[in-house]
Amino acid sequence: MKHLRLLLYIFLFTFSVVPIRAAESDDKGIDLQEILFSHLLDAYDWHIMTVNGHHVTLPLPVIVNSSTGWHIFLSSEFSENKDAKGNRPGPYGLYISGSEANDNKVCEIVDGKEVRPFDISITKTVVVLFIDSILLLLCILIPARWCKKHRPEDPAPKGFTGLMHMFVMYIYDDVVKASLGKEADKYAPYLLTCFFFIFIANIMGVVPFPPGGGNLTGNITITFFLALCTFLITNITGTRAYWKDIFWPEVPMWLKVPVPLMPFIEFFSIFTKPLALMIRLFANMMAGHSIALSLTCIIFIMFGINAIAGTSMTAVSVLMSVFMMLLEVLVCFIQALVFTMLSAVFISLAHVHGHAKE
């Protein structure tokens, strides 16, 4: 699996250079970099499709507090065409910047300088977050309603409710309880919520059309918040033995005094664990989406060369895209499972009750 993903990364890097050069030499070239970033990055509107060169988008509310006060309007009021500076002008002196520092962000000019107003707009990522949260509630409340109406000795449920029961029991028995033991019930709600939220967000990101298509877990802000929750729960609920092993571990004295080498390393590890959670989920999901899009764009790149190359590569690209999408579904489950498992392990390591970690 590692070698396969490495080859795919190399493949992505190789073909990501081709359309950029083609765009420079031919106005009809496919800019793969722009296509990838438009899907992976956040936006003030939701691009659905392009028909005859016209972009079909869903405008979203823009809510900003600029130098002239609060303003609420739809993103469709921003011009689709860029001015000489690469900006997309809008109302109230606002515009979507094309500068390197504030690319695709709402900005304004104050005292001759480009500044960003206080921005709480409902962007694409926020809308996708709401949609995934609603789906998460449905996935939990529907089986919970069945459980309220039935007794434990009744036959097992079927269909969607049975599928959810299988997932819940699998994660609880093989991940949460296996890591936390007697304390499993205390942290199961959080860990189960993490698994199902990440899994739903990953799966919805694979769906190529609304309400799917949002790269939620490929947004580092989302993975940062999830890792922060695990960080807070781990360290706030940590036992005295856990903190003693950090600031005064059972190692030779010369590793603690006069230079606190081991305490520094142990304290630094508190932050590296959630950092690993954040980067692992973000990088894997972003890379998966990038590779899937790149495989599709190969068709247009090859047709830009000649019809024979495009025709010959179409079948190969379609087959590789289908394989990549199936692989991405598996990765969606694995990444949700890994995040939940590591969170459970980190919490269990903070609940030691002896002189050393077991």
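The values are calculated or read from the model by the stated rules, or taken from the named source; none is laboratory data. Small disclaimer: the values here were computed from a predicted structure and weren't measured. Reconstructed Cβ throughout: ideal geometry from the backbone, glycine too, with neighbour counts over all protein chains shown. For the accessible areas, the whole protein counts, side chains as well, though only heavy atoms, and no ligand, DNA or RNA atoms are used. Shrake-Rupley method; radii C 1.70, N 1.55, O 1.52, S 1.80 Å.
For segment 16-42, which residues satisfy the criterion of being among the small types (Gly, Ala, Ser) and either open to solvent by 70 Å² or more (accessible area, probe 1.4 Å) or modelled with pLDDT of 85 or more (or both)?
Answer for segment 16-42, where residues must be among the small types (Gly, Ala, Ser) and either open to solvent by 70 Å² or more (accessible area, probe 1.4 Å) or modelled with pLDDT of 85 or more (or both): SER25, SER38.
What residue, of VAL345, VAL316, is within 30 Å of PHE197 (Cα to Cα) and within 29 Å of the chain's Cα centre (by Cα)?
Just one listed residue meets the conditions, VAL345.
Where residues in segment 68-80 are of a type in the set (Ser, Thr, Tyr) and closer than 20 Å to HIS54 by Cα, which of them is least open to solvent (accessible area, probe 1.4 Å)?
SER75
All but one of (1) part of a helix (DSSP H, G or I); (2) more than 24 Å from THR217 (Cβ to Cβ) hold for VAL352, so report the exception by its number.
Of everything listed in (1) part of a helix (DSSP H, G or I); (2) more than 24 Å from THR217 (Cβ to Cβ), VAL352 misses just condition (1).
From the set of residues in segment 89-107 that are of a type in the set (Ser, Thr, Tyr) and without any contact (Cβ under 8 Å) to a residue 24 or more places away in the chain, which is farthest from ASN65 (Cα to Cα)?
SER99
Within segment 226-241, is even one residue touching a helix residue (DSSP H, G or I) at 6+ places or on another chain (Cβ under 6 Å), part of a helix (DSSP H, G or I) and surrounded by fewer than 16 Cβ atoms within 10 Å (Cβ to Cβ)?
no
Rundown of residues vs (1) closer than 18 Å to ILE334 by Cα; (2) open to solvent by 60 Å² or more (accessible area, probe 1.4 Å); (3) not in a helix (DSSP H, G or I), yes/no style:
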| residue | (1), (2), (3) |
| --- | --- |
| LEU141 | no, yes, no |
| ALA156 | no, yes, yes |
| ILE171 | yes, no, no |
| ASP174 | yes, yes, no |
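Might you let me know whether segment 294-301 holds any residue that is farther than 20 Å from PRO208 by Cα and part of a helix (DSSP H, G or I)?
Yes; the residues of segment 294-301 include at least one that is farther than 20 Å from PRO208 by Cα and part of a helix (DSSP H, G or I).
Residue by residue through segment 81-109, note down the ones that are open to solvent by less than 20 Å² (accessible area, probe 1.4 Å), in a loop (DSSP other than H, G, I, E, B) and under 12 Å from TYR44 (Cβ atoms).
SER97 - this is the single residue of segment 81-109 that is open to solvent by less than 20 Å² (accessible area, probe 1.4 Å), in a loop (DSSP other than H, G, I, E, B) and under 12 Å from TYR44 (Cβ atoms).
Please determine, by comparing only the residues of segment 197-216 that are open to solvent by less than 10 Å² (accessible area, probe 1.4 Å) and not in a loop (DSSP other than H, G, I, E, B), which one is modelled with the highest pLDDT.
So, considering only residues that are open to solvent by less than 10 Å² (accessible area, probe 1.4 Å) and not in a loop (DSSP other than H, G, I, E, B), the one modelled with the highest pLDDT is ILE198.
When you scan segment 217-224, do you find a residue that is assigned to a helix (DSSP H, G or I), touching a Cys at 6+ places or on another chain (Cβ under 9 Å) and within 21 Å of LEU330 (Cβ to Cβ), even just one?
So far as segment 217-224 goes, no, none of its residues is assigned to a helix (DSSP H, G or I), touching a Cys at 6+ places or on another chain (Cβ under 9 Å) and within 21 Å of LEU330 (Cβ to Cβ).
Six or more apart or on different chains, Cβ under 9 Å: which pairs go from a residue in segment 193-209 that's closer than 13 Å to PHE167 by Cα and free of Cβ contacts under 8 Å to residues at least 60 places away in the same chain to one that's open to solvent by 30 Å² or more (accessible area, probe 1.4 Å) and in a helix (DSSP H, G or I)? Could you list them?
Listed by first residue and then by second, the contacts come to THR193/ILE140.
Kindly evaluate MET286 against the criterion of being closer than 30 Å to SER343 by Cα and open to solvent by less than 60 Å² (accessible area, probe 1.4 Å).
For MET286, the condition - closer than 30 Å to SER343 by Cα and open to solvent by less than 60 Å² (accessible area, probe 1.4 Å) - is not met.
Can you run down the residue pairs with Cβ atoms below 8 Å, 6 or more apart or on separate chains, where the first is in segment 114-128 and of a type in the set (Ser, Thr, Tyr) and the partner is assigned to a helix (DSSP H, G or I)?
Short answer, once both residue conditions are applied: SER121/SER75; THR125/THR221; THR125/ILE222.
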